[in-house]
Every structure is written in C-alpha cells, then in structure tokens.
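Here's the structure we're looking at; comments come further down.
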Amino acid sequence: MPRLVAQSSEFEGQTFTLTGPEITVGRLPDNKIQVEHASVSGHHAVLKLNGLDYTIKDLESTNGTRINGERITEQKLRRNDSLRLGNIELLYDSEHQPPGQPMPTPSERVNLAECTSKGRPETFTNAAPVAKRAKGMLEKRWALINTVLFILALAGTGYFAWQVFFKPPDFS
C-alpha cells in the first residue's frame, strides 16, 4: 500500500498511509492528511489514485510542491520519489515498482564496408571556434624554427669573425 514517510526533522518517522481515490494534503484540519507547518498551505495539494500509484497536483500553494527538487503542478509519483510540500520533505513509498522500458527490437544488420560515404555530408562545415590543424603543420613549424635558428647562428658566427679578423683596432 502506498504511503508518505516524513523526512523532515519536525515530523521525522511519521507515516501517512494513502488509501482512497483522492487524498487532500494541507495545513487545515479538513484535509485527509494534515501537515501542521507554516510553510504548508491550507489546501496544499491533492493526491489522486492513478493505476497502482498516485498522481499529485499542486493546488496553487504559496510555497509550491516539488518532486525530486523540481517544482511541479501535476505529476505521477514513482517509488522513492522525494516530495517537498513547502519546507516539509516526504518520501513516496510504494510496493508497486513500475516496469522498466522494453529493449528496442534488433534492427537489420548493416554492413559498414558497403558504405560509400565517409560518414559526413559533403556540405558539412566545422562549427568549432578553433580551426582544426592541418596535417603536417607541426613539421612545417619546426622546419621554420630550425631555419631561423640556423640563420641566427650563421649571423652570430659572421659577426664574431668580423670582430676578431676584420675590425680595425681602436688605439684611442
């Protein structure tokens, strides 16, 4: 049987068993589940039986209704959902475990060797903000760096030779 288990310190451990097709929740005593807390509206939400589980609908409460952190107006509850009414945290517990999604049917095998395209349309353009490096670009950069270093070494050697062998002595 579905139930709400209080998680907030004010009501910790308190359990509300859910029975019937429609259950009102709020701060006022005319609700089937009364949660006496200032953050909970007088008529905060209504739970409606939907199959084996309940659907919760927020009744335009002041502080809202959240399921697993997301504010909702109406949503079906699932086992172990965290429900928040105002500042009060509740856990939805149900014996009913919804069935998992079925596996997709296996499709016909595709032989990729028969594909004639390279996997992208001819009109494809790169949307990345940084251009992709062309192959061999790194080798071209190293060749340029080596050439510049060779020219600097040659110029340095020429300057040294001029200072030692060709510069007239300064006798002043």
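The values are calculated or read from the model by the stated rules, or taken from the named source; none is laboratory data. Quick caveat, the model's predicted, so the values are computed rather than measured. With ideal geometry, Cβ positions are generated from the backbone for all residues, glycine too; neighbour counts draw on all protein chains shown. Surface areas here come from the heavy atoms of the whole protein model, side chains and all, with no ligands, DNA or RNA. Shrake-Rupley method; radii C 1.70, N 1.55, O 1.52, S 1.80 Å.
Quick notes
- Subset tally (residues that are part of a helix (DSSP H, G or I) and loosely packed, with under 10 Cβ neighbours inside 10 Å) for the stretch 149-172: 4
- So Leu112, is it modelled with pLDDT of 70 or more and of a type outside the set (Val, Ile, Thr): no
- The residues of the stretch 49-71 that are surrounded by 12 or more Cβ atoms within 10 Å (Cβ to Cβ) and in contact with a Ser or Thr (Cβ under 6 Å, 6 or more places away or on another chain), listed by number, are Asp53, Asp58, Ser61, Asn63, Asn68.
- If the condition is being in a strand (DSSP E or B) and either free of Cβ contacts under 8 Å to residues at least 24 places away in the same chain or surrounded by fewer than 16 Cβ atoms within 10 Å (Cβ to Cβ) (or both), then the stretch 34-48 contributes Gln34, Lys48.
- Test: residue in the stretch 20-33 that is in contact (Cβ under 8 Å) with a residue 40 or more places away in the chain and either surrounded by 13 or more Cβ atoms within 10 Å (Cβ to Cβ) or of a type outside the set (A, V, I, L, M) (or both): yes
- One residue from Ser94, Ser117 being open to solvent by less than 100 Å² (accessible area, probe 1.4 Å), modelled with pLDDT under 70 and among the polar types (S, T, N, Q): Ser117
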